[in-house]
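Below: the structure, in structure tokens.
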Amino acid sequence: MPYDTIIIGAGLSGFAAGIRLAHFEKSVCILERHYTIGGLNSFYRLRNRNHDVGLHAVTNYAAPGSKTGPLSKLLRQLRLSWDDFALCPQIESSVRFPDRLLRFNNDLEFFRHQVHSQFPSQKDGFERLLSMIEEHNELHLTGETASAREILQSVLTDPVLIDMLFCPLMFYGSPTRNDMDFSQFVIMFKAIFEQGFGRPFKGIRPLMKTLVNRFRKLGGELKLRSGVQKILTRGKRTVGVMLDSGEVLEANNVLSSAGSLETLQLCDQEVPATDPAMAPGEISFIETIYSLDRLPAELEHEQTVVFFNDADRFHYQPPDDACDVRSGIICSPNNFVYPEDHVEEGRIRITALANPGFWSDLPEPDYLPQKEDWGNQILSAALKHMPDFRPHILDTDIFTPRTITRFTGHINGAVYGSPHKVRDGHTHLDNLFLCGTDQGFVGIVGALLSGITIANLHLLKP
């Protein structure tokens, strides 16, 4: 008997969809090419240390027991408890530009006051923007795309404020050069400035294991080391998949979290190159994870996330060089409000935009030296915005676009996928759907909501 649904990719969106379907007694199988789960939000162990992949912070923070907001919604849909996330709120984060500083926490009123005080001439325009954000239906799955930059320029006249608003939102969710779709802007604005950051106090690993256990308890199947070689089709429908091993699995529906281009390339029917869904993503990053012999707060660094930019304007695009050291992210996973008995090794994560082509084309003998060199250049840029922690480094690990492609299959190591999003999850086949990054909801909460949304919309219909 065929499965009701095969899901490609054991990431957050795949598990959310799988759990939702299994709740309704659908037969579901999740396929994952690699030996571990998580996709863009995975974890690994290196030199006796546990590391999170992707997780800087969970956006859309909500206090336990909240009845509204995206996090509350997904907990209800997946029948999870607040304790399954065990989120601890951030201390405080900031956006730092030359001679300008905007601080924010999980209180929109605090951020509103920051904007008013730092940009008094923009107060009325910013209030108009807040009204536009409140009135916009960012979750409408068939809405037209619109340039967020054009909309912001219609109400704000200071380009520095516009850049400072874009900086964290783009770093944490835009696949588009120097712009965002306005719906995506609204999603990210609410996620970061209105609801704010939290972090599972033990990282992403326990959350992922909770999702796996819930999925399996409901009867779902998970197959690791089971990459999909081909999506099999008959006419306008998929009939199943062929694995890398040659094994064929039949299904009434296939749901892919692999990305739109990556999914369409698996189909045994050729899709025209002019199809917008065939556009590859190009925004990727290099990140260094530093393990320290003390907590960042002991070095007088108490910011949770710092988004910095040292240029006159903020440039969000693949750099011409290997990396763009003019801007970046400093994340301190220790700087959340944890329980008093929480013990964790000191960590700093520093991220910058990277050129996918440079890193993918490097000859193997040059790869490690280039990683070390550019890691040091990015560190030097970050140290303008935080205390020098170099004497306290115990261990270092660096990943590049090449690493991201290797472990996720995302072409160009494109963390946020294609600039063309398929909000309703449809493809050229009647029963092949997309969830995850290229459906358009990003971040941990967004990925979970993506899986839930597409499962509800297409796979749980009467």
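The values are calculated or read from the model by the stated rules, or taken from the named source; none is laboratory data. Being a predicted model, the structure only gives us computed values, none of them experimental. As a convention, Cβ positions derive from the backbone with ideal geometry for all residues, glycine included, and neighbour counts pool all protein chains shown.
Would you be able to say whether some residue in region 394-408 is surrounded by fewer than 23 Cβ atoms within 10 Å (Cβ to Cβ), of a type outside the set (D, E) and closer than 19 Å to I231 by Cβ? No, the conditions are met nowhere in region 394-408. Applying the criterion of being within 19 Å of S121 (Cβ to Cβ) and among the β-branched types (V, I, T) to the residues of region 152-189, the residue that is surrounded by the most Cβ atoms within 10 Å (Cβ to Cβ) is I162.
Scanning region 299-307 for any residue that is hydrophobic (A, V, I, L, M, F, W, C) and either part of a loop (DSSP other than H, G, I, E, B) or more than 25 Å from L102 (Cα to Cα) (or both) turns up nothing. Of all the numbered requirements in (1) under 15 Å from Q184 (Cα atoms); (2) touching a Leu at 6+ places or on another chain (Cβ under 8 Å); (3) of a type in the set (A, V, I, L, M), A146 misses one, and that requirement is (2). As a summary of the residue check, N50 satisfies the conditions (1) surrounded by fewer than 16 Cβ atoms within 10 Å (Cβ to Cβ); (2) within 25 Å of P333 (Cβ to Cβ); (3) without any contact (Cβ under 8 Å) to a residue 40 or more places away in the chain; (4) of a type outside the set (F, W, Y) except for the one numbered (3).
Can you tell which of K202, K209 is modelled with pLDDT under 95 and either assigned to a loop (DSSP other than H, G, I, E, B) or over 23 Å from G14 (Cβ atoms) (or both)?
Values: K209 fails: either assigned to a loop (DSSP other than H, G, I, E, B) or over 23 Å from G14 (Cβ atoms) (or both).
Only one candidate passes the filter, namely K202.
Residue-by-condition table, conditions (1) of a type outside the set (K, R); (2) within 24 Å of the chain's Cα centre (by Cα); (3) on the phi > 0 side of the Ramachandran plot; (4) buried (at least 21 other Cβ atoms within 10 Å of the Cβ):
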position	(1), (2), (3), (4)
V239	yes, no, no, no
T263	yes, yes, no, yes
I283	yes, yes, no, yes
S291	yes, yes, no, no
L295	yes, no, no, no
L299	yes, no, no, no
C323	yes, yes, no, yes
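Here is a yes/no grid of residues against (1) surrounded by 14 or more Cβ atoms within 10 Å (Cβ to Cβ); (2) within 23 Å of the chain's Cα centre (by Cα):
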| site | (1), (2) |
| --- | --- |
| P70 | yes, yes |
| R79 | no, yes |
| S94 | yes, yes |
| D99 | no, no |
| H113 | no, no |
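Tell me, which residue of region 410-459 that is among the acidic types (D, E) and assigned to a loop (DSSP other than H, G, I, E, B) is farthest from T145 (Cα to Cα)?
If we filter region 410-459 for residues that are among the acidic types (D, E), which is where we start, we get 424, 430, 438.
Filter once more, keeping what is assigned to a loop (DSSP other than H, G, I, E, B): 424, 430.
Working: D424: 13, D430: 24 Å.
Once the filter is applied, the top-ranked residue is D430.
Checking each residue in region 142-164 for being among the hydrophobic types (A, V, I, L, M, F, W, C), touching a strand residue (DSSP E or B) at 6+ places or on another chain (Cβ under 9 Å) and either in contact (Cβ under 8 Å) with a residue 40 or more places away in the chain or in a loop (DSSP other than H, G, I, E, B) (or both) picks out A146, V160, L161, M164. Taking the listed residues L207, L169, the one that is within 16 Å of the chain's Cα centre (by Cα), in contact (Cβ under 8 Å) with a residue 12 or more places away in the chain and assigned by TED's automatic domain parsing to the domain that holds L80 is L207, with no other qualifying. When region 352-407 is filtered for residues that are assigned to a helix (DSSP H, G or I), aromatic (F, W, Y) and closer than 17 Å to L46 by Cα, only F407 remains. Just so you know, in region 335-357 the residues that are hydrophobic (A, V, I, L, M, F, W, C) and in contact with a strand residue (DSSP E or B) (Cβ under 9 Å, 6 or more places away or on another chain) include one that is surrounded by the fewest Cβ atoms within 10 Å (Cβ to Cβ), and it is V337. Selection over region 381-432 of residues that are modelled with pLDDT of 95 or more, assigned by TED's automatic domain parsing to the domain that holds N252 and of a type in the set (K, R) gives a count of 0.
Against the test of being within 17 Å of the chain's Cα centre (by Cα), surrounded by 22 or more Cβ atoms within 10 Å (Cβ to Cβ), in a helix (DSSP H, G or I) and not assigned by TED's automatic domain parsing to the domain that holds F166, the options L74, L55 yield a single qualifying residue, L74.
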